[in-house]
1. Which one of these does Ala359 not meet: (1) loosely packed, with under 15 Cβ neighbours inside 10 Å; (2) free of Cβ contacts under 8 Å to residues at least 24 places away in the same chain?
2. Mind counting the residues in segment 323-336 that are touching a residue at least 24 places away in the same chain (Cβ under 8 Å) and surrounded by fewer than 16 Cβ atoms within 10 Å (Cβ to Cβ)?
3. Condition (residue is basic (Lys, Arg) and in a helix (DSSP H, G or I)) applied to segment 141-162: is it met by at least one residue?
4. For segment 15-115, list the helices (runs of 4 or more DSSP H) that sit wholly inside it and hold at least 3 residues that are free of Cβ contacts under 8 Å to residues at least 12 places away in the same chain; which are they?
5. Report, by residue number, each residue of segment 262-286 that is surrounded by fewer than 16 Cβ atoms within 10 Å (Cβ to Cβ) and either free of Cβ contacts under 8 Å to residues at least 60 places away in the same chain or under 19 Å from Val229 (Cβ atoms) (or both).
6. Quick one: in segment 116-140, which of the residues that are exposed (fewer than 15 other Cβ atoms within 10 Å of the Cβ) and assigned to a strand (DSSP E or B) is nearest to the chain's Cα centre (by Cα)?
7. Take Ala380 and decide whether it is surrounded by fewer than 15 Cβ atoms within 10 Å (Cβ to Cβ) and either at pLDDT 85 or above or more than 60 Å from the chain's Cα centre (by Cα) (or both).
8. Taking segment 80-112 as the search range and keeping residues that are surrounded by 18 or more Cβ atoms within 10 Å (Cβ to Cβ) and in contact with a helix residue (DSSP H, G or I) (Cβ under 7 Å, 6 or more places away or on another chain), which one is nearest to Ser182 (Cα to Cα)?
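The values are calculated or read from the model by the stated rules, or taken from the named source; none is laboratory data. Remember, it's a predicted structure, so these values are computed and weren't measured experimentally. Neighbour counts run over all protein chains shown; Cβ positions are idealised from the backbone, glycine included.
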Amino acid sequence: MASITSAGVGSGLDVEGIVSKLMELEQKPLTRLDTKETAYKAKITAYGSVKSNLANLQTAASTLATASTFTGKSATVSDTTVLSAAASSDAAAGSYSISVSQLAKYHAMRSNTNYAATSETFNTGTLAISIGGAAAVNVAIDSNNNTLSGIRQAINDADAGVTATIINDGTTNRLVLTSDTSGSAGAISVAVTDDGSGGTHALTQLANAGLVQVQSADDAQFTINGLSVTRSSNTVTDVVDGLTLNLTKGTLANPGTATITIAKNTAATTSAIESFVKAYNSAVEYLKSSSSYNSSTRTGGPLNAEGTVRSIRSELNTLIGSSVSGIAGGVDTLSSIGITMQVSGSLSIDSSALQAALADPAKDLTSLFGQTTVGNEGIAVKFKTSMTSILASDGLLAGRTDGITTAIKDIGTTRESLLAKLDKIEARYRAKFAALDGLAASMSRTSQYLSSQITAMNANN
């Protein structure tokens with residue numbers, strides 16, 4: 001008789017179902033661990049968003065803590081086809097009239113002999129290339145590079161202050177030398193030492209006398225408020241302190257004229273303040289939403305009841321309401337320049353009040369935000385210092401997330417131990433029900449035997 005190998009076959013008991021239900025009960029601690037781990041992981045993710053928001057606030061505060069944010073100047077040009085301009089904080093406010101009569105050009109020269117192919121050869125020797133009268137760079141021409149293309153490459157490899165190219169005009173090839181320096185300071189001079197042999201063409205064809213000027217080495221010429229100025233470059237940085245000019249149009253016959261107006265760059269300052277307010281509001285809103293609790297659904301955000309979140313919100317609230325004493329113009333708080341706290345906890349900007357404060361030279365907004373006096377720091381400096389501390393590797397956020405990470409690891413260890421225990425429990429259940437199954441099967445067979453014997457006895461009687 002074949003042995004019974006599947007639990008329940010001999011007895012008719014649903015052993016698999018019974019064991020499965022029993023194991024569901026045994027696995028409830030595992031389910032609770034999974035739920036707790038999911039919650040911890042949600043906290044880690046949420047704290048990552050908190051960190052991102054606070055880092056943005058730190059960056060915005062750092063910008064406001066920098067003096068140049070408030071001292072910057074803007075340069076407005078009446079005709080941007082003539083020139084463009086940029087002003088640093090060193091530039092004095094005012095207007096400048098510019099008239100451009102000549103732009104600086106890069107000196108360019110070309111060969112004057114027809115070369116049918118770039119492989120045509122020249123005598124060996126030396127090209128001595130000088131820029132603006134400076135010491136010459138010697139370019140050796142030998143049997144390895146005495147073709148037209150070889151000479152081009154040798155000049156470029158020598159870093160002689162010129163760029164050599166070969167241009168085919170449809171009839172012939174020309175070697176073109178273009179100075180890397182604009183204006184008269186970039187004038188090209190080429191002297192040649194010709195060895196007298198080695199190629200089809202004389203190397204002297206590439207000396208000054210054998211070259212034709214394609215573009216003259218002109219300096220930029222312009223006037224600024226009626227004063228004549230000459231510079232070798234179209235980018236001019238040394239005419240007015242803090243002002244950079246980029247000349248783009250103008251000839252002697254048709255001068256390019258424009259007016260440059262330099263003023264305080266309140267647009268950049270306004271943008272920096274708006275970015276700070278936006279970053280603050282974003283951080284506060286996320287801290288609020290992630291730690292909220294819905295009494296109707298009895299569910300909370302991932303950071304609900306987190307003491308770390310309460311501490312950060314309290315810190316932000318304290319910082320935003322702080323004051324700075326001794327600032328010129330009577331500005332000592334954010335509200336004094338039009339930035340106020342709303343009922344929701346977010347900040348709002350009164351644009352008119354802010355612009356009035358920025359336009360008033362008596363109001364020292366630079367110090368309000370960026371003063372570094374110990375114990376009386378500017379508001380942006382306070383924010384920068386606080387965010388740096390919170391975001392530090394040993395700061396408040398790191399301490400909490402490290403603790404959560406440790407808790408997740410502990411859950412993993414506990415889960416492994418519990419899984420091993422559950423395997424043993426299931427094995428015991430199966431062993432017990434297998435024995436019960438066998439006993440029930442044996443009793444069933446005995447019952448069947450006795451029934452058949454009684455039936456036989458009754459039949460004989």
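1. All conditions are met except number (2).
2. Of the residues in that region, 4 qualify.
3. So the first thing to find is which residues in segment 141-162 are basic (Lys, Arg), and the list is 152.
Remaining after also requiring in a helix (DSSP H, G or I): 152.
Yes, there is a match, as at least one residue in segment 141-162 is basic (Lys, Arg) and in a helix (DSSP H, G or I).
4. Filter on segment 15-115 gives 15-26, 28-64.
5. Correct list: Ser271 only.
6. Applying the first criterion (exposed (fewer than 15 other Cβ atoms within 10 Å of the Cβ)) to segment 116-140 yields 116-117, 119, 133-135, 138, 140.
Checking the rest, the ones that are also assigned to a strand (DSSP E or B) come to 138, 140.
Working: Asn138: 45, Ala140: 47 Å.
Among residues in segment 116-140 that are exposed (fewer than 15 other Cβ atoms within 10 Å of the Cβ) and assigned to a strand (DSSP E or B), the one nearest to the chain's Cα centre (by Cα) is Asn138.
7. no
8. Applying the filter and picking the extreme gives Tyr106.
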